[in-house]
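All remarks here apply to the structure that follows.
The values are calculated or read from the model by the stated rules, or taken from the named source; none is laboratory data. As the structure is a computational prediction, the values presented were derived from the model and not from experiment. With ideal geometry, Cβ positions are generated from the backbone for all residues, glycine too; neighbour counts draw on all protein chains shown.
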Amino acid sequence: MSSKKLLNPSKDDKPLWLHVEVLDAPIGGGGNRKWRCRYCNKIVTGSYSKVRAHLLKISNMGVEACKGFQMMFIVK
Ligand SMILES: [Zn+2]
């Protein structure tokens, strides 16, 4: 799913989950989870692609760009 490698993927191939707080992850709900952004407190229900779109400010993903997250947070 993720084509860009933002972090060393050895630990987790979906590292941006660390930047949101997962509130609800329904069993059998596919990749959709209810999560709250740690930076702007926005609550979103969606898959990891929406987490990415929100934090990385990717448009056309049906989710608002984050106002609090800075790219420098994940640059090592
Ligand atoms: Zn946010």
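Table: residues versus (1) touching a His at 6+ places or on another chain (Cβ under 7 Å); (2) modelled with pLDDT under 90; (3) in a loop (DSSP other than H, G, I, E, B).
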residue: Ile27; (1), (2), (3): no, yes, yes
residue: Arg52; (1), (2), (3): no, no, no
residue: Ile58; (1), (2), (3): no, no, yes
residue: Gly68; (1), (2), (3): no, no, yes
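Residue-by-condition table, conditions (1) touching a Gly at 6+ places or on another chain (Cβ under 7 Å); (2) within 18 Å of Asp13 (Cβ to Cβ); (3) of a type in the set (A, V, I, L, M, F, W, C):
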{"position": "Ile27", "(1), (2), (3)": "no, no, yes"}
{"position": "Arg36", "(1), (2), (3)": "no, no, no"}
{"position": "Ile43", "(1), (2), (3)": "no, no, yes"}
{"position": "Val51", "(1), (2), (3)": "no, yes, yes"}
{"position": "Leu55", "(1), (2), (3)": "no, yes, yes"}
{"position": "Gln70", "(1), (2), (3)": "no, no, no"}
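Listed by first and then second residue, the pairs linking a residue in segment 48-76 that is under 22 Å from Asp24 (Cα atoms) to a residue that is of a type outside the set (Phe, Trp, Tyr) and surrounded by fewer than 10 Cβ atoms within 10 Å (Cβ to Cβ), with Cβ atoms under 7 Å apart and 6 or more places separating them unless they lie on different chains, are Tyr48/Met1; Ser49/Met1. Screening segment 29-50 for residues that are part of a strand (DSSP E or B) and within 11 Å of the ligand (Cβ to nearest atom) and picking the one that is farthest from the chain's Cα centre (by Cα) gives Ile43.
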